Amino acid sequence: MTKEEMVKKKLWRCNVCNDIHYGIRGPVICPTCGARNAFALIDYPEAMKVIIDRGDRLDEVDKLLDLWEKFTHDKPFKLNPDEDFVRQLAKGELANEANHGLKYCPCRITTGDFEDDLDLICPCNFFIQPVYKESGECWCGLFVKR
Amino acid sequence: MNVGVDSSLKGDSMAEDNRLIFFWGRECPHCAKLHPVVNEVSQELGGSITELEVWHSEENATLMRSYKDVLLEACGGSLGVPSLYNEKTKKALCGKNITKQEIVEWAQE
Ligand code: SF4
């Protein structure tokens, strides 16, 4: 997504189930309740209130492993079978979140431009990486082709 | 006038900085694996490789970013670690598959 497109992103709320969507337009069919054409614009402070913080956090190595495992379902890639390595990487991402606010890829550094650095949140869009095309692994080797 | 002189002097002093730099991240598993190999080469060459950690030092990260033209190419589009940058030759090695042989050749070029 280009920076011009990023700027066009807004917040949308489903008026049936209060689903919140961040994008250029609201979904035609609500992914949560299935309502059609139900999304209306909402502003940032109101949206933050609609999203109720129930205290769930992805702040443990096991939770990351579980999330990554689920992310690979029905995909052409799987989690690296070397569990020690995967756990080390998870620890690194949690440290990055604690120190820098987001689960940035530990095998790269931020550019200093916040919007550009959103591309470094794991899992990133590694399909576009030359290394994935050549070797079948994401830059870090967390995800590998099946 | 002075500003021009100052900036060109700064440029010269940068150009005269002939360090061999190992950029690494404390949280990066591949950096941890490559670290002893870099240490080995550094020892063999008389301690010539400067190690700079980039996730916990903004200064080191800024320096690494200043070499982005070369590093982005070596790393396939992002500022990857582990990476090695030779200030004299302006050549870089990047990524988890760097071998000892490659480091030796990169350092001695
Ligand atoms: S390269 Fe791999 S580990 Fe790094 S952010 Fe992308 S998916 Fe995560």
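The values are calculated or read from the model by the stated rules, or taken from the named source; none is laboratory data. Here the structure is a predicted model, which is why all the values come from computation and not from measurement. Cβ placement follows ideal geometry from the backbone for every residue including glycine, while neighbour counts extend to all protein chains displayed.
Kindly indicate the residue of the range A:15-29 that is over 18 Å from the mean Cα position of the chain (by Cα) and among the aliphatic types (A, V, I, L, M) and also nearest to A:MET1 (Cα to Cα) among those meeting that condition.
Top of the filtered list is A:VAL28.
Within the range A:132-143, how many residues are near the ligand (Cβ under 7 Å from one of its atoms) and within 14 Å of A:PRO76 (Cα to Cα)?
3
Condition first: surrounded by 15 or more Cβ atoms within 10 Å (Cβ to Cβ), at pLDDT below 95 and in a loop (DSSP other than H, G, I, E, B). Now tell me which residues in the range A:112-138 satisfy that.
Once the filter is applied, which keeps residues that are surrounded by 15 or more Cβ atoms within 10 Å (Cβ to Cβ), at pLDDT below 95 and in a loop (DSSP other than H, G, I, E, B), the range A:112-138 yields only A:GLN129.
Under 8 Å between Cβ atoms, at least 6 apart or on separate chains: pull out the pairs that start in the range B:25-42 with a residue that is more than 14 Å from chain A (Cβ to nearest Cβ) and end on any residue that is among the small types (Gly, Ala, Ser) and surrounded by fewer than 24 Cβ atoms within 10 Å (Cβ to Cβ).
What qualifies is B:VAL41/B:ALA107; B:SER42/B:SER48.
For every residue, the table says whether it meets (1) in contact with a helix residue (DSSP H, G or I) (Cβ under 8 Å, 6 or more places away or on another chain); (2) closer than 22 Å to B:TYR67 by Cα.
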{"site": "A:TRP68", "(1), (2)": "yes, no"}
{"site": "A:PRO81", "(1), (2)": "no, no"}
{"site": "A:ASP84", "(1), (2)": "no, no"}
{"site": "A:ILE109", "(1), (2)": "yes, yes"}
{"site": "A:PHE114", "(1), (2)": "no, yes"}
{"site": "A:ILE121", "(1), (2)": "no, no"}
{"site": "A:ARG146", "(1), (2)": "no, no"}
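Being on the phi > 0 side of the Ramachandran plot and at pLDDT below 95 is true for just one of B:GLY4, B:GLY76. Which residue is that? Outline the logic, then answer.
Working: B:GLY4 fails: on the phi > 0 side of the Ramachandran plot.
Only one candidate passes the filter, namely B:GLY76.
Could you tell me how many of the residues in the range B:7-41 are among the hydroxyl-bearing types (Ser, Thr, Tyr) and at pLDDT 95 or above? Even if it seems obvious, please write down each step before you answer.
Step one: filter the range B:7-41 for residues among the hydroxyl-bearing types (Ser, Thr, Tyr), giving B:7-8, B:13.
Those still in the list that are at pLDDT 95 or above too: none.
Number of matching residues: 0.
Being in contact with a Leu (Cβ under 9 Å, 6 or more places away or on another chain) and either more than 14 Å from chain A (Cβ to nearest Cβ) or at positive phi (or both) is the requirement here; does B:LEU45 meet it?
Working: in contact with a Leu (Cβ under 9 Å, 6 or more places away or on another chain): yes; either more than 14 Å from chain A (Cβ to nearest Cβ) or at positive phi (or both): yes.
It is true that B:LEU45 is in contact with a Leu (Cβ under 9 Å, 6 or more places away or on another chain) and either more than 14 Å from chain A (Cβ to nearest Cβ) or at positive phi (or both).
Out of A:LYS78, A:LYS91, which single residue is within 16 Å of the ligand (Cβ to nearest atom), within 19 Å of the chain's Cα centre (by Cα) and within 14 Å of chain B (Cβ to nearest Cβ)?
Values: A:LYS78 fails: within 14 Å of chain B (Cβ to nearest Cβ).
Result of the check over A:LYS78, A:LYS91: A:LYS91.
Would you list the strands (runs of 3 or more DSSP E) that sit entirely within the range B:16-109 and hold 1 or more residues that are small (Gly, Ala, Ser)? Write out each step before concluding.
Numbers: elements: B:20-24, B:49-53, B:83-86, B:91-94.
Hits in the range B:16-109: B:83-86, B:91-94.
Quick check on the range A:106-131: of everything there that is more than 17 Å from A:ALA90 (Cα to Cα), within 9 Å of another protein chain (Cβ to nearest Cβ) and within 11 Å of the ligand (Cβ to nearest atom), which residue is nearest to the chain's Cα centre (by Cα)?
A:ASP119
Out of all the residues in the range A:105-124, which are out of contact with any Asp or Glu (no Cβ under 7 Å at 6 or more places or on another chain) and not hydrophobic (A, V, I, L, M, F, W, C)?
The initial filter retains those residues of the range A:105-124 that are out of contact with any Asp or Glu (no Cβ under 7 Å at 6 or more places or on another chain), namely A:105, A:107-109, A:112-121, A:123-124.
Selection gives A:ARG108, A:GLY112, A:ASP113, A:GLU115, A:ASP116, A:ASP117, A:ASP119, A:PRO123.
So which residues in the range B:54-80 are over 12 Å from the mean Cα position of the chain (by Cα), touching a residue at least 12 places away in the same chain (Cβ under 8 Å) and under 18 Å from A:ALA95 (Cβ atoms), if there are any at all?
B:TRP55, B:HIS56
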